[in-house]
Ligand code: GDP
Ligand code: IMO
Ligand code: MG
């Protein structure tokens with residue numbers, strides 16, 4: 001009855017001779033997820049895989065994400081659009097778990113069109129179950145940040161893209177979805193006005209020109225209509241039709257996950273593997289490879305504990321050499337040593353089949369490189385990642401120190417091109433996480449990715 005590790009016979013009819021419906025498992029999706037606090041280089045990894053993909057999906061988050069892709073020397077940044085939109089042969093899908101700010105979506109598409117992105121509207125599918133982010137959600141995001149600052153002396157440092165308020169509307173069942181916008185507009189308008197009123201009763205300073213917003217939304221609705229599908233059925237057909245390469249592009253990252261991240265300094269969606277199922281409406285058995293993306297050091301944007309942070313010359317060097325500036329907000333990213341405690345924690349949740357280690361080249365000039373391998377509390381190693389932020393603030397990090405390779409790695413294209421000291425650094429990481437490293441990034445562009453197997 002119980003399926004153990006051996007799944008070989010799972011789809012065979014029972015041995016009774018009686019014919020049973022065959023459970024056609026279908027195609028598998030490949031999932032790319034951030035293993036730290038975001039900005040690991042997911043966009044670049046997705047772009048690499050998307051050159052062969054039939055469908056590239058976003059399943060959670062909104063335009064708080066900022067994914068950079070560099071192709072032929074041209075830099076694109078994507079926020080709501082899956083990075084696969086660059087590939088003219090693949091379809092991009094925005095799943096039900098994503099929250100969509102329509103002005104942001106079209107602005108992003110139009111901006112990239114000016115850079116040379118062609119035909120994106122024809123290649124984009126949007127789930128009718130996805131929730132909408134309205135302008136007032138973004139204003140409320142800012143008001144909540146001000147309130148947090150006033151009440152607690154600190155805020156979260158959100159992207160102010162309305163992500164938290166939109167997911168709150170979804171959870172409180174007053175949110176509005178794409179299918180509502182495309183349905184009876186009179187009904188949509190009434191519910192929109194009720195939602196505005198609800199927020200105005202919470203935030204009396206909130207002003208909104210409701211009629212003007214509705215007029216704009218009506219226009220967006222018509223531009224969006226041709227792209228909208230029943231996302232569940234679309235994915236079902238994609239999984240059970242002819243063989244297809246389907247990619248899921250995670251946004252944000254494990255340590256920003258609403259359940260598993262450094263709460264409350266997190267985003268409002270599940271950025272771990274479960275989000276791929278709930279955000280697209282696909283069964284767990286259709287999840288194939290899960291690739292974790294981790295930088296060769298650690299960065300964080302916004303507020304919250306960061307045990308390996310280097311508030312010194314090392315942190316500054318990583319920030320400047322790594323151009324560590326937020327793609328969405330333009331804020332400087334906080335920088336520190338690679339923290340393997342968090343990457344292992346991300347692996348516990350996601351079950352990575354392989355890792356992409358990015359930005360190794362940024363470490364090229366360092367004399368020595370440290371890696372956080374364990375946390376200690378009161379002098380004793382702890383085996384888990386602390387849930388409580390006060391505890392996380394207090395942990396002492398145990399480091400392994402490696403000699404720097406002091407060699408430019410940016411031209412390396414295969415394993416043997418890397419200096420032995422860099423190879424040792426990579427092997428150590430791989431063994432410590434217990435997951436093979438499949439790619440090593442040594443530069444921004446597509447070709448600057450060493451494939452290990
Ligand atoms: P994402 O949010 O995970 O997609 O990552 P971001 O795009 O926000 O940030 C990653 C940044 O690092 C981008 O500017 C990328 O172009 C850049 N990048 C990615 N991989 C590498 C790499 O291996 N080396 C260097 N130097 N830059 C990289
Ligand atoms: P990508 O996909 C880095 C952070 C914000 C803030 C917190 C909550 O580019 O890796 P939100 O606006 O989501 O309510 O902000 O989460 N954050 C990110 N940091 N990369 C991201 O996405 C992020 N998405 C959210 O800085 O601390
Ligand atoms: Mg980013």
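List of remarks:
- Sorted by Cβ density within 10 Å, fewest first, the residues 57, 271: 57, 271
- 316, 145 arranged by Cβ crowding within 10 Å, fewest neighbours leading: 316, 145
- Of the beta bridges in the chain, as assigned by DSSP with both residues counted there, near 40 percent are antiparallel.
- On the principal axes of its alpha-carbon atoms, the chain has extents of 70, 66, 47 Å, going from largest to smallest.
- With only Cα atoms counted, segment 341-402 has Rg and Dmax values of 13.9, 36 Å.
- Computed [θ] at 222 nm, deg cm²/dmol, the chain (DSSP H ≥ 4; -39,500 (n - 2.57); rounded to nearest 500): -9500 deg cm²/dmol
- Chain lengthening between residue 114 and residue 367 when straightened (0.36 nm per residue, less Cα-Cα): 86.8 nm
- Its Cα gyration tensor gives segment 306-348 an equivalent ellipsoid. The semi-axes, each the square root of 5 times an eigenvalue, are 21, 14, 8 Å from largest down.
- Distance from the alpha carbon centroid of segment 44-73 to that of segment 269-321 works out to 15 angstrom.
- When the alpha carbon gyration tensor of segment 127-201 is reduced to an equivalent ellipsoid, the three semi-axes, largest first, read 26, 13, 9 Å.
- Annotation: Cα Rg of segment 300-377 relative to the compact-globule expectation 2.2 N^0.38 Å equals 1.17.
- Normalised by 2.2 N^0.38 Å, where N is the number of residues, the C-alpha radius of gyration of segment 305-453 stands at 1.07.
- For segment 18-74: span of alpha carbons on each principal axis (Å, largest first): 59, 27, 18
- Relative contact order, percent, segment 315-453 [alpha-carbon distance under 8 Å, six or more residues apart]: 26
- Percentage, to the nearest whole number, of Cα pairs in segment 370-420 over 12 Å apart: 72
- Directionally averaged projected area (convex hull, Cα atoms, segment 382-453), nm²: 6.8
- Ranked list, fewest to most other Cβ atoms within 10 Å of each Cβ, for 176, 247: 176, 247
- Sites residue 407 and residue 185, calculated FRET efficiency, Cβ-Cβ separation with R0 41 Å, nearest 0.05: 0.10
- Calculated diffusion of segment 257-342, Stokes-Einstein form, Kirkwood radius summed over Cα pairs, 20 °C and 1.002 mPa s, µm²/s: 145
- Inverse of mean 1/r across different Cα pairs in segment 152-304, Kirkwood, Å: 18.6
- Separation of segment 352-373 and segment 80-156, taken as the distance between their Cα centroids, equals 30 angstrom.
Values quoted throughout were computed directly from the atomic coordinates according to the rules given, and no laboratory measurement underlies them. Computed from a prediction, not measured in an experiment: that's the story for all the values here. In this analysis, Cβ positions are derived from the backbone assuming ideal geometry, glycine residues included, and neighbour counts consider all displayed protein chains.
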